Amino acid sequence: MADRGNVESLVVLQSIAVDTGSPDRVGMLVIANGLLVAVLVRLDAPEHERRGSWYMEVRLGRLAKVRPPVFETLEDATRWVRKRFRENAS
């Protein structure tokens, strides 16, 4: 099997509304290499200290046990996911 250490994961974001039970409804499905791996939600409620940031509401597969930070931008979130996949490449 080829070494995948130098292969960058393809991470795609797809817009979706998320029923969080709060004003935080703008979401993004995070798809890595064709698999749904997370759901991001933009923090829009007035009580959030970091309004406009992105919280990883759901983590699946290899991201399930990792505690991510709150991301300032979607680019930051995408970069974080790619890094996790690169670290776990076999």
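Some notes on this structure:
- Helix 74-87 vs. the chain, principal-axis angle (Cα, 0 to 90°, nearest 10): 30
- Ser9 - accessible surface, heavy atoms, 1.4 Å probe, Å² rounded to 10: 10
- In this structure Leu36 has an accessible area near 90 Å², from a 1.4 Å probe over the protein heavy atoms.
- Residues Asp44, Asp19, sorted by accessible area with the largest first, give Asp19, Asp44 [1.4 Å probe; ligands and nucleic acids excluded].
- Cα-Cα separations in the chain greater than 18 Å, expressed as whole percent: 43
- Computed with a 1.4 Å probe over protein heavy atoms only, the accessible area of Glu47 comes to about 140 Å².
- The chain: trypsin sites (Lys or Arg not before Pro) in DSSP coil with no more than 13 other Cβ atoms inside 10 Å: Arg4, Arg50, Arg51, Lys65
The values are calculated or read from the model by the stated rules, or taken from the named source; none is laboratory data. In this text the structure is predicted, and so the values were computed from the model without any measurement. Methodologically, a virtual Cβ is constructed for each residue, glycine included, from the backbone with ideal geometry; neighbour enumeration extends over all protein chains shown. For accessibility, only protein heavy atoms count, side chains too; no ligands or nucleic acids. Shrake-Rupley method; radii C 1.70, N 1.55, O 1.52, S 1.80 Å.
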